[in-house]
Amino acid sequence: MGIFSRFQDIVNANLTSLLDRAEDPKKMIRQMIQEMEDTLIEVRSTSAKIIADKKELERRIQMLREEAGDWLSKTELAISKGREDLAKGALIEKRRAEEAVDAGNDELSFLSEQLDVLNDEISQLQEKLASAKAKQKELLVREQTGKSRLEIRKKTNRETLNRAFEKFEQYERRLDDLEGQVESYDLGKTQKASLADEINDLATADDIERELDAIKSKIKNTAE
């Protein structure tokens, strides 16, 4: 089922209000434009037919005028020949042709009025169609802008997370460096302590030997 049911529905439609209430504005605006274009085709088709009818009627009116003129000439000829009976018959035909011209002019005026109405309708439809297409373009721009902003937001969030991970990794690296430095100092101290212990052991051994020799010498002197 279409959004619009007749020409006035299109002309009087508040596009913004309809789109605001639509579940899918993008789909609705496409449907609106399609219906407007279809209606415009129908109105143009009707206008084309009326223009063709008008042209045909104008040709017929011109022929009737020429026919009326011809009957006038025949009337004058009959009078000049003293044939009033024929002159009256010619005048009757002339009157019929003139009446047909008058009827044709009335119909021509009606067709012209119809064309004026259709021309106005076409103008209004074109204006509404242009407005709908502008609205469609606006929706597309808003959609594209929204997508771009969302992509930027996602990218920004990713970059924020990446920076956070980088900072965490840098922090861990600094901790590793500090721990490495501490362990390197510990390793250095352990090696030096071992060397010192060995030297101290040698010194202690010498002291013990000297003390042992002193005790031996004392005991020997006592014995003597």
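Rule-based calculations on the coordinates, nothing more; no lab input. This one's a predicted model, so the numbers in the text were calculated from it and none came from an experiment. Cβ coordinates were reconstructed from backbone atoms using ideal geometry, including for glycine residues, and neighbour counts include every protein chain displayed.
Using 0.36 nm times the number of residues separating Ser80 and Gln114, minus their current alpha carbon distance, what extension gain do you get?
7.6 nm
Which three lengths, in whole Å and largest first, does the stretch 7-170 cover when its Cα atoms are put on their principal axes?
Largest to smallest, the principal-axis extents are 128, 25, 15 Å.
Determine Rg/Rh for the stretch 44-137; Rg is computed over alpha-carbon atoms and Rh is the Kirkwood hydrodynamic estimate from the same atoms.
1.38
Which of the peptides 100-109, 16-25 is most tightly packed, and how do the rest follow, judged by the mean count of other Cβ atoms within 10 Å per residue?
Ranked by mean Cβ neighbours within 10 Å, highest first: 100-109, 16-25.
Under the Karplus relation 6.51 cos²θ - 1.76 cosθ + 1.60, θ = phi - 60°, what is the ordered set of whole-Hz ³J(HN,Hα) values for the stretch 79-86, x standing for Gly and Pro?
5, 5, 9, x, 10, 5, 4, 5
Between Arg21 and Met63, what is the label-to-label distance in nm when each label sits 7 Å out along the Cα-to-Cβ direction?
With each label point 7 Å from Cα toward Cβ, the separation is 5.4 nm.
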